[in-house]
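One structure is given below, encoded as structure tokens.
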Amino acid sequence: MAETVEQQLACWFAGAKKVVVAGVGNPIRKDDSVGLKVVEKIRGKLSKSVLLLECETVPESSLLEIETFHPTHVLIVDAAFLGHKPGETSFVGASKLDVSSGFSTHLLPLKIFCDYVEQAVGAKVALLLFEPESVDFGEGLSASVEAAALRSAKVLVELLG
């Protein structure tokens, strides 16, 4: 039986001492803002050993903050076209990313960002990805992505709170 995303997260966070949760996305492209929404939902509910970042579409702009914090784990929360049902979540280890994969809406491919963080900081890096329904211009998440974001925020608070 395959592990659920929640089980994968719990296993991955085992032994974590300092964690960065980096929400990535465009706040004016509907479901692409899901990473930002998850960070917003967990803000103020976690210990001081967790650094929350709202990176928008340029996660590399937060590199100095990440390096200075010295995390053991970095979780990137983002929307990605993986061919699943809208709102479905996936947990992906950074080593599984392909630099040529075209599912990202960001300037620097996330694989390069993840590799840099792993090498510069020595942290484990993974992604919590949400299948978007729409990344058209507009604000607010679709119902399926909103529900998934709320579920994931609850899980993160349980695991990291």
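The values are calculated or read from the model by the stated rules, or taken from the named source; none is laboratory data. This is a predicted model, so every value here is computed, not measured. Cβ sites come from the backbone with ideal geometry, for glycine too, and all protein chains shown count toward neighbours.
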Show the residue pairs that are 6+ apart or on different chains and have beta-carbon atoms under 8 Å apart, the first residue being within the range 128-152 and touching a residue at least 12 places away in the same chain (Cβ under 8 Å), the second being of a type in the set (D, E) and part of a strand (DSSP E or B).
L128/D78; L129/D78; F130/D78
Going through (1) buried (at least 22 other Cβ atoms within 10 Å of the Cβ); (2) at pLDDT 95 or above one by one, P59 fails only at (2)
Count, please, the residues in the range 13-35 that happen to be assigned to a helix (DSSP H, G or I) and surrounded by fewer than 22 Cβ atoms within 10 Å (Cβ to Cβ).
1
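Might you check whether a residue that is without any contact (Cβ under 8 Å) to a residue 40 or more places away in the chain and of a type in the set (S, T, N, Q) occurs anywhere in the range 21-34?
Initial filter on the range 21-34 (without any contact (Cβ under 8 Å) to a residue 40 or more places away in the chain): none.
Taking every residue of the range 21-34 in turn, none turns out to be without any contact (Cβ under 8 Å) to a residue 40 or more places away in the chain and of a type in the set (S, T, N, Q).
Assess whether H70 counts as being modelled with pLDDT under 95, over 20 Å from K154 (Cα atoms) and either in contact with a Pro (Cβ under 6 Å, 6 or more places away or on another chain) or not hydroxyl-bearing (S, T, Y) (or both).
no
Just the residues that are assigned to a helix (DSSP H, G or I) and more than 14 Å from A120 (Cβ to Cβ), please, taken from the range 44-75.
Kept after step one, since they are assigned to a helix (DSSP H, G or I), are these residues of the range 44-75: 59-69.
Result: S61, single match.
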Got a number for residues in the range 82-125 being at pLDDT below 75 and polar (S, T, N, Q)?
4
When you check V157 against the structure, is it at pLDDT 95 or above, touching a Lys or Arg at 6+ places or on another chain (Cβ under 7 Å) and either among the charged types (D, E, K, R) or within 18 Å of V21 (Cα to Cα) (or both), yes or no?
yes
Considering only residues that are touching a helix residue (DSSP H, G or I) at 6+ places or on another chain (Cβ under 7 Å) and in a loop (DSSP other than H, G, I, E, B), look in the range 111-138 and name the one that is farthest from K96 (Cα to Cα).
D136
